[in-house]
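The structure appears below as C-alpha cells.
Read the figures in this text as sums done on the coordinates, not as results from a lab. Please read all numbers here as calculations on a predicted model, not as lab measurements. Reconstructed Cβ throughout: ideal geometry from the backbone, glycine too, with neighbour counts over all protein chains shown.
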C-alpha cells in the first residue's frame, strides 16, 4: 500500500515468501479486486496546483437521470479529483484542485454552474492539509475478523 515501486522480490523478502508464491498471491489479489491498480502519487504543489476547494453541490432536481448525467459530466472534469454522493442538505461533496482562485472561478462558472444541473455550490477553500493518505486502515480489517471469531 505504501510503495508500489517495490519489486516482487522485495515484497517477497519482507513477507517471508519466495518470489513465485508472492507473485501468485499478488495476482490473486488483483483478480479478486483487492488491488485496483498501481499509481505514482504526485505533489500538486510541485506542479503549481496550489488552490484546493471542498465544494458542496446541490442539484436543481435530484432525479436518477440528473444524478447520472452529473456524474458523467464530473468524469470529464480533470479539476475534480474526488466526487462523493453524500447525505444531508447537499447531493455531492467534491475535492477540486486548480492553480488559483481565478482558475477555480472559471471552473465554477463554466462547468459546475454552467451545467444547468446544479442549483447551489458552497465552496470551502482548503487552508492547509493536516492529513492526506491513500492507505486504507488494514488493521481494522484484522481486528474485525478477530472479533467475529
Give the relative contact order (percent, whole number) for the chain; include only Cα pairs under 8 Å separated by 6+ residues.
26 percent
Tell me what the chain gives for mean residue ellipticity at 222 nm when only DSSP H runs of n ≥ 4 count, each as -39,500 (n - 2.57), the sum divided by the residue total, rounded to 500 deg cm²/dmol.
-9500 deg cm²/dmol
Looking only at 79, 30, 68, which one moves most when the chain is put into a Gaussian network model with springs between Cα atoms under 10 Å?
30
Taking the Cα centroid of segment 13-65 and of segment 73-149, what is the distance between the two, rounded to the nearest whole Å?
15 Å
Only Cα pairs within less than 10 Å get springs; with that Gaussian network setup on the chain, which residue of 19, 93, 119 has the largest fluctuation?
19
Any idea what angle helix 64-74 forms with the longest principal axis of the chain, computed on alpha-carbon atoms, 0 to 90 degrees, nearest 10?
80 degrees
Shape call for segment 45-125, from the Cα gyration tensor axes a ≥ b ≥ c (a/c under 1.5 means rounded, otherwise prolate when a/b beats b/c, else oblate), comes out prolate
So the FRET efficiency between residue 10 and residue 61, C-beta based with R0 = 41 Å and rounded to 0.05, is 0.20
Is the C-alpha gyration tensor of the chain telling us rounded, prolate or oblate? Criteria: a/c under 1.5 is rounded; beyond that, a/b larger than b/c is prolate, otherwise oblate.
prolate
Hey, rough spin-label estimate for residue 26 and residue 124, points 7 angstrom out along Cα→Cβ, what's it come to in nanometres?
3.8 nm
How far is helix 19-31 tilted off the main Cα axis of the chain, in degrees rounded to 10, range 0 to 90?
30 degrees
So how far apart, in nm, are the two label points at residue 72 and residue 100 if each is 7 Å from Cα heading toward Cβ?
3.6 nm
Between residue 143 and residue 17, what length comes free when the chain is fully extended (0.36 nm per residue of separation minus the Cα-Cα distance, one decimal in nm)?
43.0 nm
Picking from 129, 97, 57, which is most flexible by a Gaussian network model of the chain using Cα springs under 10 Å?
129
Three-way shape label, segment 1-41, alpha-carbon gyration tensor, a/c 1.5:
oblate
Taking Cα atoms, the helix 138-147 axis meets the longest principal axis of the chain at an angle in degrees (rounded to 10) of 70 degrees
